[in-house]
Amino acid sequence: RASDVEKVLDYVNKNRSEPNISYYGKAKGKNVFILHLESFQQFLINYKSDGQEVTPNINRFYADQHTLSFDNFFNQVGQGKTSDAEMMLENSLYGLPSGSGMTSYGASNTFQALPAILDQKGYSTASFHGDVGSFWNRDNTYKSWGYQYFFDEPYYKTKSNYSIGYGLKDKIFFQQSVKYLEQLPQPFYAKMITLTNHYPYELDKDNQSIAKTKTGDKTVDGYVQTARYLDQAFGEFMNYLKKSGLYDKSVIVAYGDHYGISENHPKALAKLLGKKSVTKYDLAMLQKVPFMIHSDNLQGGINHTYGGEIDVMPTLMDLLGIQNTDTIQLGNDLLSTNRNQTVPFRNGDFVSPDLSKIGSKVYDNQGNIVNTKKLTAQQKEILKDQQEHTDKSLSLSDKIVTGDLLRFHTLQDFTKVDKSQYKYKYSYG
Ligand code: GP9
Ligand code: MN
């Protein structure tokens with residue numbers, strides 16, 4: 001019902017943070033790249049295995065003087081994994097408590113997604129991915145999100161050794177994406193979803209350039225090998241961007257979508273991190289993924305704010321100087337100075353710079369279990385607010401998605417996406 005939208009807006013408006021004036025509009029008019037680094041966790045940054053840096057190119061990008069990097073940025077996906085990450089990044093809406101929002105509602109719902117918003121600001125928009133377009137219902141969802149082009153698997157020339165696991169190997173994917181990228185009128189918004197660093201982390205001999213780890217857990221030990229391969233593919237693509245001049249004309253966002261090594265492998269994780277064991281708190285902290293924004297006119301550095309995937313869209317809109325005062329988004333700009341730093345997880349847990357709630361326990365920021373009875377009245381109040389914020393954000397998001405509430409919401413300077421206007425070359429029925 002339309003009146004439900006009022007309730008949502010009430011909450012969203014209270015939660016909206018003021019953009020930071022030293023960043024607002026800094027990337028206005030630039031091309032935008034979203035580089036989706038499959039299963040890439042924050043602990044890989046500057047991680048060494050077998051005496052070597054595993055991901056030297058991504059490390060360099062992370063530390064670049066023009067890259068804004070976040071070291072307390074969490075993935076917030078549920079069962080929808082990659083699709084939940086996509087949903088959050090481009091809509092600032094959560095995935096569902098179970099299943100995938102893209103699969104269940106991607107075709108039918110009204111969205112106010114970032115590609116559509118940019119399209120209406122004169123951008124061309126495209127998503128690139130080396131798997132068949134029907135995976136996670138992308139072929140339908142992308143139309144609802146306003147993607148003009150979707151370059152999926154049939155666009156790429158394949159030989160039997162070009163693919164592994166879910167699809168095209170990352171190096172070949174980036175190489176062959178260039179010819180499509182070069183036809184996109186600028187400014188463009190291009191999302192490139194990598195694939196090779198995906199469970200079960202298989203890679204052909206020729207592409208292996210670092211030894212597997214030796215935790216004894218077979219499902220874990222290939223992770224550094226495919227992460228290294230992804231890193232090389234990333235490095236090659238950066239070289240192309242620099243050579244072509246796109247590097248300076250673009251804002252380049254790179255992020256890890258979710259964990260590679262799940263919490264079902266605590267022993268192996270402990271070994272990888274050189275610890276005796278990992279606690280529930282450690283496992284929550286291992287949900288950190290890198291989030292990096294590069295633009296040649298940005299003063300970079302490591303930002304310690306607590307945030308997550310839900311916050312990406314508001315951050316980007318502010319950087320691009322797109323008015324963002326009437327949208328329905330559940331995150332807030334990571335660059336705002338006065339933002340709520342409680343990060344909800346899809347299961348109702350949350351982390352924050354002070355207290356975190358994981359499972360049935362509350363932890364301080366050193367990972368110690370807190371006896372909540374001994375908290376001060378003020379701390380109890382904060383904790384209660386954090387839980388309320390978490391529950392409310394998730395339940396409102398679910399109402400928006402399952403009730404298709406955005407069909408009742410109009411935005412200034414934005415025309416609803418007409419899905420029938422979008423046709424992709426390969427269709428999956
Ligand atoms: C498939 C790929 C993998 O196309 O994006 O999705 P995931 O299994 O990581 O959710
Ligand atoms: Mn994924």
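Throughout, read-outs are computed from the coordinates displayed, never taken from laboratory work. This structure is a prediction, so every number in the text was calculated from the model and none was measured. FYI the Cβ positions are ideal-geometry reconstructions off the backbone, even for glycines, and counts take in every protein chain you see.
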> Tell me, Kirkwood radius of the chain from alpha-carbon pair distances, in Å?
Replying inline: 22.0 Å
> Extent of the stretch 350-389 along each principal axis, from alpha carbon coordinates, in Å, largest to smallest?
Replying inline: 22, 21, 18
> What FRET efficiency comes out for the pair residue 243/residue 304, r = Cβ-Cβ distance, R0 = 25 Å, nearest 0.05?
Replying inline: 0.15
> Per-residue ellipticity at 222 nm for the chain, helices alone: DSSP H runs ≥ 4 residues times -39500 (n - 2.57), over residue total, nearest 500 deg cm²/dmol?
Replying inline: -9500 deg cm²/dmol
>> Let me check the size of the stretch 156-269 from its C-alpha atoms; what are the radius of gyration and Dmax in Å?
In response: 15.9, 49
>> With a cut-off of 8 Å between alpha carbons and a minimum separation of six or more residues, what is the relative contact order of the chain in percent?
In response: 29 percent
>> Of the candidates 162, 189, 229, which one comes out as most mobile in a Gaussian network treatment of the chain with C-alpha springs shorter than 10 Å?
In response: 162
> Which whole number in µm²/s is D for the stretch 24-163 by Stokes-Einstein, with the Kirkwood Rh taken over Cα pairs at 10 °C and 1.306 mPa s?
Replying inline: 92 µm²/s
> Between residue 379 and residue 160, what length in nm is gained on full extension when 0.36 nm per residue of separation is reduced by their alpha carbon distance?
Replying inline: 72.9 nm
>> If I model a spin label as a point 7 Å beyond the Cα along the Cα-Cβ vector, how far apart are those points for residue 21 and residue 371 in nm?
In response: 4.9 nm
> Loop-only check: which trypsin sites (Lys or Arg not before Pro) in the stretch 67-172 are DSSP coil with at most 14 other Cβ within 10 angstrom?
Replying inline: 157, 159
> If packing is taken as the mean number of other Cβ atoms within 10 Å per residue, what is the order of 87-95, 145-153, highest first?
Replying inline: 87-95, 145-153
> Which trypsin sites (Lys or Arg not before Pro) does the stretch 344-429 hold that lie in a coil by DSSP with at most 13 other beta carbons within 10 Å?
Replying inline: 423, 425
> What does the charge dipole of the stretch 288-429 about its Cα centre add up to, to the nearest 20 debye, if the Cβ of each Lys and Arg holds +1 and the Cβ of each Asp and Glu holds -1?
Replying inline: 500 debye
>> I want to check the label-to-label distance for residue 7 and residue 426. Put each point 7 Å from Cα in the C-beta direction and report it in nm to one decimal.
In response: 4.3 nm
> Simple spin-label model, 7 Å along Cα-to-Cβ: residue 276 to residue 404 in nm?
Replying inline: 5.7 nm
> If you add up the charges near residue 83, with Lys and Arg at +1 and Asp and Glu at -1, over every other residue whose beta carbon is less than 14 angstrom from its beta carbon, what do you get?
Replying inline: -4
> To the nearest 0.05, what FRET efficiency results for residue 179 and residue 107 with a Förster distance of 35 Å applied to their C-beta separation?
Replying inline: 0.75
